[in-house]
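First comes the structure, then the notes that go with it.
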Amino acid sequence: GHCPLNHYLHHFNRKDLPLCDTCHQAPEMVAHYLLECHVYDRFHYKMHRTTGMRPEAMSKLLTEEDAIRVLFRYINCTH
């Protein structure tokens with residue numbers, strides 16, 4: 001699937017730069033937004049604490065019901 005992150009939008013000339021609007025240090029892609037952007041570290045920690053899984057476990061984050069609920073809260077708080 002696709003999502004309106006800058007890396008994707010830049011590919012279609014909808015954004016001037018592919019960089020993350022929040023940290024301006026890396027292309028805003030799914031992994032960066034969900035796991036890597038240092039601006040969202042407190043949310044990453046909360047996801048880890050709530051789900052009990054390591055932040056690097058994106059497949060679990062996208063497939064397990066409890067983790068998906070946390071993921072939706074994260075998205076609502078950060079975008």
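Helix 65-78 and the longest principal axis of the C-alpha atoms of the chain enclose an angle of approximately 40°. The angle between the Cα long axis of helix 41-51 and the longest principal axis of the Cα atoms of the chain comes to about 40 degrees, rounded to the nearest 10.
Classified by the C-alpha gyration tensor, the range 6-78 has a prolate form. Its axis ratio a/c, with a ≥ b ≥ c, is 1.5 or above, and a/b is larger than b/c.
Could you list 72, 43 in order of exposure, starting from the residue whose Cβ has the fewest other Cβ atoms within 10 Å?
Numbers: 72 10, 43 18.
Lowest count first: 72, 43.
Read-outs throughout are calculated quantities, based only on the coordinates presented, and are distinct from any laboratory measurement. These numbers come from a predicted model, not from an experiment. Every residue, glycine among them, receives a Cβ derived from its backbone with ideal geometry; neighbour counts consider all protein chains shown.
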